[in-house]
1. What base-10 log of the normalised intensity I(q)/I(0) is obtained for the stretch 132-234 from the Debye formula, alpha carbons as equal point scatterers, at q = 0.19, 0.21, 0.22 Å⁻¹?
2. With each pseudo-label sitting 7 Å past Cα toward Cβ, what's the SER199-GLN182 distance in nm, one decimal?
3. Using the crude model of +1 on Lys and Arg Cβ and -1 on Asp and Glu Cβ, and no other charge, please compute the dipole size for the stretch 41-124 relative to its Cα centre, in debye to 20.
4. Please give every one of the lysines within straight-line cross-link reach of LYS31, meaning a C-alpha to C-alpha distance under 30 Å, and leave out same-chain neighbours fewer than 8 residues apart.
5. With 10 Å bins from zero, work out the P(r) of the stretch 19-96 over every alpha carbon pair and list the percent per bin.
6. Which FRET efficiency, nearest 0.05, do ASP170 and ALA218 yield, Cβ-Cβ r, R0 25 Å?
7. Considering only DSSP beta bridges whose two residues both sit in the chain, what percent are antiparallel, to the nearest 5?
8. For LYS216, give me every one of the lysines with a C-alpha distance below 30 angstrom, ignoring sequence neighbours fewer than eight places off in its own chain.
Amino acid sequence: MNAQEVIATTGNLPAKAHIRKWPKSERPREKLLARGAQALSDAELLAVLLRCGTRGRNAIELAQEHILAFGSLRELLTAEWPQWERRKDAGGVGGVGIARYAALQAGLELARRHLLEPLKVTSALTAPAATRTFLLAQLRNRPYEVFCGLFLDRRHRLISFEELFRGTTDSAPVHIKEVVRQALRHDASAVILAHNHPSGVMDPSQADELITRRLKEALALVDVRVLDHVIVGETGCFSFSEHGLI
């Protein structure tokens with residue numbers, strides 16, 4: 001749903017009517033319980049998290065206005081608190097304070113952790129789609145480059161996901177000794193390396209290929225296998241393993 005479509009989310013209901021006066025089948029919470037969360041629009045889902053509106057605006061109207069102000073639901077959810085404050089200070093949409101912002105971020109993090117759970121009980125090699133889905137949710141929207149490691153046990157189940165290094169919009173420093181140290185600390189038998197490209201382009205650079213080879217060699221000295229290096233872009237992931245680069 002784009003910003004222009006979000007206004008048309010409440011059907012033929014009067015926009016200013018208090019949600020408690022709506023038919024139960026159209027109230028966001030009741031609709032979610034009866035038909036499932038997938039039946040709700042972006043604005044309705046956001047309204048459930050916001051819980052209530054402000055004077056003169058019900059929760060759905062408030063949600064609609066914020067999605068339009070940020071341009072999309074994705075931009076809204078990935079915005080940091082100073083961005084919300086600047087919009088309010090500039091006379092933009094209000095009604096979301098630090099408590100509501102914290103609730104939105106907590107919900108987003110719970111979704112990410114939910115995606116991580118299958119990797120703890122299933123081999124990362126037999127569930128590559130789950131690994132990439134998690135990495136996309138974790139890294140795709142970062143405005144800076146982040147280098148991470150998924151540390152695995154001898155059955156290739158997840159021990160820990162670690163954000164190891166944080167960089168700028170086009171690079172992140174990678175310290176080989178620190179990666180080795182973390183692998184030993186977790187008593188890992190294998191690791192999947194991952195980082196994002198904020199540009200959205202998935203193709204690996206020469207620097208990406210070089211650091212992968214150096215990490216593979218260094219970790220091999222302590223009997224830790226590098227199973228893959230995944231680059232997260234805008235629309236998907238690039239796997240070094242699938243392209244014969246590991």
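1. The Cα Debye sum returns log10 ratios of -0.89, -1.08, -1.17.
2. With each label point 7 Å from Cα toward Cβ, the separation is 2.4 nm.
3. On the way: 11 positive and 10 negative charges, 34 e Å.
Approximately 160 debye in magnitude.
4. LYS16, LYS21
5. 19, 50, 25, 7
6. About 0.55, to the nearest 0.05.
7. About 70 percent, rounded to the nearest 5.
8. Once the sequence-local lysines are set aside, what remains near LYS216 is LYS120, LYS177.
Rule-based calculations on the coordinates, nothing more; no lab input. None of the values given here were measured: they were computed from a predicted structure. Reconstructed Cβ throughout: ideal geometry from the backbone, glycine too, with neighbour counts over all protein chains shown.
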